[in-house]
There are 2 protein chains.
Amino acid sequence: MFRTQTCGELRLANVGQQITLSGWVQRTRKMGGMTFVDIRDRYGITQLVFNQDVNAELCDQANKLGREFVIQVTGEVAERSNKNANMETGEVEILVTEMNILNEAKTPPFTIEDNTDGGDDIRMKYRYLDLRRNSVRQNLELRHKITFEIRRYLDQMQFLEVETPILIGSTPEGARDFVVPSRMNPGEFYALPQSPQLFKQLLMVSGFDRYFQIAKCFRDEDLRADRQPEFTQIDCEMSFVDQEDVLNIFEGMMKHLFKFVKNIDIAEAFPRMTWQDAMKYYGSDKPDIRFDMKFVELKDAVSGHDFVVFDSVPYVAGICATGCAGYTRKQLDELTDFVKRPQIGAKGLVYIRCEVDGSFKSSVDKFYSNDDLKAIATLFDAQPGDLILILAGNKIKTQKALCELRLEVAGRLGLRDKNVYAPLWVIDFPLFEWDEETQRYYATHHPFTSPNLDDVPLLDTDAGQVRATAYDMVINGVELGGGSIRIHDSALQNRMFELLGFTPEKAEAQFGFLMSAFQYGAPPHGGLAFGLDRLVSLFAGLDSIRDCIAFPKNNSGRDVMADAPSVIDQAQLDELNLIIDIKEK
Amino acid sequence: MFRTQTCGELRLANVGQQITLSGWVQRTRKMGGMTFVDIRDRYGITQLVFNQDVNAELCDQANKLGREFVIQVTGEVAERSNKNANMETGEVEILVTEMNILNEAKTPPFTIEDNTDGGDDIRMKYRYLDLRRNSVRQNLELRHKITFEIRRYLDQMQFLEVETPILIGSTPEGARDFVVPSRMNPGEFYALPQSPQLFKQLLMVSGFDRYFQIAKCFRDEDLRADRQPEFTQIDCEMSFVDQEDVLNIFEGMMKHLFKFVKNIDIAEAFPRMTWQDAMKYYGSDKPDIRFDMKFVELKDAVSGHDFVVFDSVPYVAGICATGCAGYTRKQLDELTDFVKRPQIGAKGLVYIRCEVDGSFKSSVDKFYSNDDLKAIATLFDAQPGDLILILAGNKIKTQKALCELRLEVAGRLGLRDKNVYAPLWVIDFPLFEWDEETQRYYATHHPFTSPNLDDVPLLDTDAGQVRATAYDMVINGVELGGGSIRIHDSALQNRMFELLGFTPEKAEAQFGFLMSAFQYGAPPHGGLAFGLDRLVSLFAGLDSIRDCIAFPKNNSGRDVMADAPSVIDQAQLDELNLIIDIKEK
């Protein structure tokens, strides 16, 4: 037996007991004739004591221990004279009588501490050492707890977890599919699933009623900051439900997670916001509503004052930054620079200071009188001491820029506290998006999303106005998941394909077996999927999903630790009937 | 709202209530002016009643319902005069007042019944309909329950579920790896994992202490009857453990599953058997010990009687079939034919009948006197009425043949009851297997398996005799899982690589980052993996793992429903820098 206890569990009550611990050497300190060694495992750290006067040989051995050596010690639990309130085991120490070095260790290339001296690259190369750090391991412990509680909740709600295949059919136009050559079927390829969408809808046709799966999904796209080629979805589908049923079940799931993972009780219903309102008031389909600071549209209020910037554009809107009237020129310049950055793209920033004395001072004083400014301030319900920030231009681009500015200002005001959670359902997404370039509609979600049945007449007259029965769950400005009620009526499905420019042949090629399945009695159904990586990141307060993935890949899709991907043997290529032909760039 | 209840929950207590159900039409029967419709969902079947005299129009509609139509009905729960004790809802029926056809259905190509008229091929093509059958769906419900209980148990035992990557590095000689071309890294490939072995050992180096994962694994090999290209493992690893710790934890897991899934309490410890004994007494490393019928070795007892068949071979052994002395000539011929089949390959079968009158009758009476036969019978502890069956030949082949004969006879005697479970640990596997052809040792498990430390001196003198600290869990003759204590000492590991013919370079290439990781303080660790598909099959009493997989592939690795794998677009091949070049056969 390697241990009687873990390094995290000894307390005053254990004083006097003979115990054995195993773990890693966190640190050693020599103080006079005494040597103190901190021994660490997943569960905690315990202080070991070696006394030169009691056992010189053992103490010498302890003095030679290197960082991260793996040791096993036996000794008596004693009360510490110098207690450490920051450690759970801080009231005791072990008077070691026997020590066994289980394994030596090379000095790690960075310190195994919460605040390590290792940079990103080296930590990824030695991910197995990085994972020893508490701060990293705790993210994965949280991930375990979240998935366990998701399963517990969904099991209670009679969902069945069903594994769908990873080796699936490649779809035409599936350019973002990873593919897998089949040795047994020469010249043919499997694809890895971007999501289990078709399979979960099939399971509804099969009468499974309530399905879920915590499923690996794959996407071969150029990776942006927070994407991984493989990612994990909490994928769910239900039969005989309308939107209200789905929202209730998954609002319940999120409350369950807050309660059992974060110990936060949320009694009230999650607010709901239409996509129209989200865009109008927040310039985003995933508004962060931890704080208010809604957009106020000003086009009418500011027009006709000979200020050409406002007169010449279709859209003018602003936000009110509470208590920021005192911002210095430097601070205002920073905000102006912020919105003028290429990725935001505003031309400039107009401000109105609502001075504490009730007067107004603005960057456009030339065009607007004090009364004009006061009238504008009234639209914001601005108070003395507040600062109004205004952008103007093309509607969609300006909304986006103002959204970024709102988040930036909120950040400066400390309104984006990671320990505050503001969940929200965004509903009534548009069913279609019009693409100017190709002059046609695309499905905002996917072609199986049901229109709001009230809007079906608009399909023929004004398709752009048709609302989908689609919904997203947003927390703190992060889209955690989304889904829709699916079309189960084949006439309506065919109408959708037509509007989306699918010929019957193309629809058959791409969704053939699902369309066939629907002919054998499809129930009304709907569902949604959550991004597990994002959910864990949100709960852990992380800036990147990478930090909650045990072995993540970098922005080139590489695992730098295992050095994957890599070349393979010619013999294997031959077996797969493949020749590599790298084009000159 | 589509329903107030499911089709499985109405009882006498609900009589008089107005309810709404949704589901599929299982069957309709017209009896005089009454029409009875069985409506089905995942939860059960409820009888609906339509009365021509009460609502002729509605009744006409009901008469036109086809099999598998999806309907929604509202009505009053009434007590049935003609109760059906075989149905949980059999005491009630619904007097329908409203009906809504949610979806029509083409007539399915086979009946949705436990005993369907559909053959294997058609059921796989229409797997989404096959999954509607209770008997199939119940296997997947069982699979859900088993995985849920596995997680519940391991969570209690402080195991963390950690997702390891699916896109990993390809290893040299990884001919059985599926590979995935990387678009972003031209000419390079990911591999899909055959198991998370390296990653779980890394997690032990990372101090995760107790890891598990219900993990998809992949193997591109020619598929035998009960193999799938993708399969699911319950993969586990623990630190600071010896074999005893691992066996205790996972024996506990299996008992937990028996209790919470099958409602079977197993109080006693699972028996343990050395690999040596398993081979000696059962001719198999996965003996079915639901019944005894051990091998008795007879070489000494039968030699020297001028029976050349026995005298000329190194190995003679038999089994005793209780109460089978009355077997007819035909039955004995059947057994002889059985052992002579090419896949078993025995030359013949010798029998000794222990007659009820105390005499003996044998196929080799010419060579053995009644007393000789009696002496042999005594070795088996055979009683009057028993039948002794004897095979002779090369030891290993004969053991295998006798093992098959034992199972065959037990089957005929009804000793292989699927509702009886006989778990067993097989331990002390040999560390190496000698390959005559290449004249070298191979690792019986994998190169990280630790030898029994008592046997380390034999590594240099008699490697074939070295026992591994490796163990398999066997239930009813099925190997459900296995594992080992790993080597954590790098000197011992290097010795192993040497014995296995790995040059340092080859070991580095194949296991490089694990070997590096081990230098930074590897704890003693060990683990095991269970085959989930086999475990579910065992619990469900299935003959094939395919029946507990939602969307299985056939023996050519094809999903016949989705028609995968398939050809992909030239554009995608170009993006992947690949040319297909199918060789002439």
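The values are calculated or read from the model by the stated rules, or taken from the named source; none is laboratory data. From a predicted model like this one, the values you see are computed outputs, not experimental measurements. Counting neighbours? That spans all protein chains shown, and the Cβs are built from the backbone with ideal geometry, glycine included. Note: accessible area is taken over every heavy atom of the protein model, side chains too, but ligands, DNA and RNA are not part of it. Shrake-Rupley method; radii C 1.70, N 1.55, O 1.52, S 1.80 Å.
Sort out which residues of the range B:408-429 are closer than 29 Å to B:P314 by Cα and crowded, with 19+ Cβ neighbours inside 10 Å, and write them in order of number.
Initial filter on the range B:408-429 (closer than 29 Å to B:P314 by Cα): B:408-411, B:426-429.
B:V409, B:A410, B:V426, B:I427, B:D428, B:F429, listed by residue number.
Results for (1) under 30 Å from B:L387 (Cα atoms); (2) outside the structural domain of B:D155 (by TED's automatic domain parsing); (3) without any contact (Cβ under 8 Å) to a residue 12 or more places away in the chain; (4) assigned to a helix (DSSP H, G or I), shown as yes or no for each residue.
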| position | (1), (2), (3), (4) |
| --- | --- |
| B:C236 | no, no, no, no |
| B:I249 | no, no, no, yes |
| B:F258 | no, no, no, yes |
| B:K286 | yes, yes, no, no |
| B:A301 | yes, yes, no, yes |
*asked:* The conditions are (1) without any contact (Cβ under 8 Å) to a residue 12 or more places away in the chain; (2) in contact with a strand residue (DSSP E or B) (Cβ under 8 Å, 6 or more places away or on another chain); (3) open to solvent by less than 30 Å² (accessible area, probe 1.4 Å), and A:D489 fails exactly one of them. Which is it?
replied: (3)
_Checking the conditions here, which among A:V478, A:V466, A:V456 is out of contact with any strand residue (DSSP E or B) (no Cβ under 7 Å at 6 or more places or on another chain), within 25 Å of A:Y282 (Cβ to Cβ), away from chain B (no Cβ under 14 Å) and not polar (S, T, N, Q)?_
A:V478
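Report, by residue number, each residue of the range A:221-240 that is under 24 Å from A:F513 (Cβ atoms) and open to solvent by 10 Å² or more (accessible area, probe 1.4 Å).
Residues of the range A:221-240 that are under 24 Å from A:F513 (Cβ atoms), as a first pass: A:233, A:235-240.
Correct list: A:Q233 only.
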*Could you check, for the range B:376-391, whether at least one of its residues is open to solvent by less than 80 Å² (accessible area, probe 1.4 Å), among the hydroxyl-bearing types (S, T, Y) and modelled with pLDDT of 95 or more?*
no
*Some residue of the range A:142-159 being among the basic types (K, R) and part of a loop (DSSP other than H, G, I, E, B)*: no
*asked:* Out of everything in the range A:114-123 that is open to solvent by 50 Å² or more (accessible area, probe 1.4 Å) and over 16 Å from A:Q26 (Cα atoms), what residue ends up being modelled with the highest pLDDT?
replied: A:I122
*Filter the range B:204-234 for residues that are in a helix (DSSP H, G or I) and more than 7 Å from chain A (Cβ to nearest Cβ) and give the result.*
B:M204
*What number goes with the only condition from (1) over 28 Å from A:I249 (Cβ atoms); (2) more than 42 Å from the chain's Cα centre (by Cα); (3) in contact (Cβ under 8 Å) with a residue 12 or more places away in the chain that B:L65 does not pass?*
(2)
*Look at A:Q194 and say whether it is assigned to a loop (DSSP other than H, G, I, E, B) and either of a type in the set (K, R) or more than 22 Å from B:D222 (Cα to Cα) (or both).*
yes
*Pairs, please: C-beta under 6 Å, at least 6 apart or cross-chain, first residue in contact (Cβ under 8 Å) with a residue 12 or more places away in the chain and at the interface with chain A (Cβ under 7 Å from one of its Cβ atoms) and in the range B:559-581, second in a helix (DSSP H, G or I) and crowded, with 17+ Cβ neighbours inside 10 Å?*
B:M561/A:F513; B:M561/B:K125; B:M561/B:R127
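Please tell me if A:Q510 is in contact (Cβ under 8 Å) with a residue 24 or more places away in the chain, at the interface with another protein chain (Cβ under 10 Å from one of its Cβ atoms) and farther than 22 Å from B:F189 by Cβ.
On the way: in contact (Cβ under 8 Å) with a residue 24 or more places away in the chain: yes; at the interface with another protein chain (Cβ under 10 Å from one of its Cβ atoms): no; farther than 22 Å from B:F189 by Cβ: yes.
No, not satisfied.
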*Taking A:N494 as meeting all but one of (1) buried (at least 16 other Cβ atoms within 10 Å of the Cβ); (2) at pLDDT 85 or above, write down the number of the exception.*
(1)
_For the range A:155-196, which positions are buried (at least 23 other Cβ atoms within 10 Å of the Cβ) and more than 8 Å from chain B (Cβ to nearest Cβ)?_
A:F159, A:P193, A:P196
*Might you let me know whether the range B:124-140 holds any residue that is within 30 Å of B:V246 (Cα to Cα), in contact (Cβ under 8 Å) with a residue 24 or more places away in the chain and open to solvent by 10 Å² or more (accessible area, probe 1.4 Å)?*
yes
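So that you can scan it fast, the table gives a plain yes or no per residue for (1) at pLDDT below 95; (2) outside the structural domain of B:P457 (by TED's automatic domain parsing); (3) surrounded by fewer than 17 Cβ atoms within 10 Å (Cβ to Cβ); (4) over 31 Å from the mean Cα position of the chain (by Cα):
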position	(1), (2), (3), (4)
B:Y471	no, no, no, no
B:V478	no, no, yes, no
B:L499	yes, no, no, yes
B:P504	yes, no, yes, yes
B:A509	yes, no, yes, yes
B:F513	yes, no, no, yes
B:G521	no, no, no, yes
*Within the range B:95-113, can you find the residues that are open to solvent by 70 Å² or more (accessible area, probe 1.4 Å) and closer than 16 Å to A:M515 by Cα?*
B:E104, B:K106, B:T107
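Of everything in the range B:1-29 that's part of a loop (DSSP other than H, G, I, E, B) and hydroxyl-bearing (S, T, Y), which residue is least open to solvent (accessible area, probe 1.4 Å)?
So the first thing to find is which residues in the range B:1-29 are part of a loop (DSSP other than H, G, I, E, B), and the list is B:1-11, B:15-17.
Checking the rest, the ones that are also hydroxyl-bearing (S, T, Y) come to B:4, B:6.
Details: B:T4: 68, B:T6: 19 Å².
Going through the qualifying residues, I end up with B:T6.
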*asked:* Can you pull out every residue in the range B:82-130 that is assigned to a loop (DSSP other than H, G, I, E, B), within 14 Å of chain A (Cβ to nearest Cβ) and within 20 Å of B:T46 (Cα to Cα)?
replied: B:E104, B:T111, B:I112, B:E113
